[in-house]
Amino acid sequence: MNASIHAETLKMVTTRTHRRLALGALGAAAFLATATAGFAGRDGNAALGTASNLANAARGSHVVPLVALVLGILAAAGEFQHGTITQTFLSTPRRRAVVVAKALVAATTGAVLGAAGVVVGLAVATSWSALDGASIHLADATVAGDATGVVVGGALAGAIGVALGLLVRSQAAALVTAFAWTLFGEGVIMLIGGQGVGRWLPGGAAQAASGVGGLLPMWGGALLMAAYTVAIGAVATRLTVARDIG
């Protein structure tokens, strides 16, 4: 298992596309934090340095879970896309160990990226506050809660991305499925069943877990998202073990 984790970590950190996506996520976090600071105190927005303002800056890293989802999909389906999955399973015949290693590495990457995004966002916001001479209320439960949500959301998104990538196996199809479901599929279901049903869907759970909305508390969204991850991962693992790789 340790060898599989080491191999998957090496793939994650050395793949050029992964690095570019990670840098893009951090750049987006910095941009959104700058926008939050720039509009602070205007049009009903929280004033610079307040707990709400800093929480908004941390929450601006909500782009990180989306990137973590993509990284998870690429880490799994990308191997089928490029034909490297055969070599991976030849070097580690226990396919379940490979699946677990991919999920753990993707979850860890999502969590680390989430933490980095929060640090970047808060650094931008506190810098603006310091330059403006505003009091900085960084040690606040609201800020800590939103920061935690981004980290947890990133970890869960990375893991479920791996599960989806292994389930679909086509990189393009997995990406299209993930974003089509989030942007359109859940909207159709809520249109039919009412807005309240959205809290139980993967997108609603992900929003709640990341602290950027949703109708469930953060812990409830995290638990529901974890349940979806385990369920999809179990099906993906079973199929990965049973399927021929060619």
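For the pair HIS137 and ASP244, label points projected 7 Å from Cα toward Cβ lie 6.4 nm apart.
Distance between the C-alpha centres of region 79-151 and region 228-246: 24 Å, rounded to the whole angstrom.
Might you report the magnitude of the Cβ-based charge dipole of the chain about its Cα centre, with Lys and Arg at +1 and Asp and Glu at -1, to the nearest 20 debye? Mind dumping the intermediate values first?
Details: 14 positive and 8 negative charges, 163 e Å.
The calculated dipole for the chain is roughly 780 debye.
Between the residues LEU138, ALA231, VAL150, the greatest Cα displacement towards the positive end of the dipole of the chain, with unit charges on the Cβ of Lys, Arg, Asp and Glu, is found for ALA231. For region 146-246, the relative contact order is 36 percent, taking Cα pairs closer than 8 Å that sit 6 or more residues apart in sequence and dividing their mean separation by the residue count.
Sorting 42-49, 5-12 by their mean Cβ neighbour count within 10 Å, with the most densely packed peptide first, gives 5-12, 42-49. Mean projection of the Cα convex hull over all viewing directions, computed for region 111-229: 8.7 nm².
Only DSSP H runs of four or more residues enter the estimate; each adds -39500 (n - 2.57), and after division by the residues of the chain the mean residue ellipticity at 222 nm equals -26000 deg cm²/dmol. A dipole drawn for the chain from +1 and -1 charges on Cβ atoms has a positive end, and of LEU21, ILE192, SER4 the residue lying farthest that way is SER4.
Accessible surface of THR86, taken over heavy atoms with a 1.4 Å probe and every protein chain present, rounds to 60 Å². For the options SER91, SER52, SER129, a Gaussian network treatment of the chain with springs between C-alpha atoms closer than 10 Å singles out SER91 as fluctuating the most.
The values are calculated or read from the model by the stated rules, or taken from the named source; none is laboratory data. Everything numeric here is computed off the predicted structure, so don't read it as measured data. FYI the Cβ positions are ideal-geometry reconstructions off the backbone, even for glycines, and counts take in every protein chain you see. Areas reflect the complete protein model, heavy atoms only, side chains present, ligands, DNA and RNA absent. Shrake-Rupley method; radii C 1.70, N 1.55, O 1.52, S 1.80 Å.
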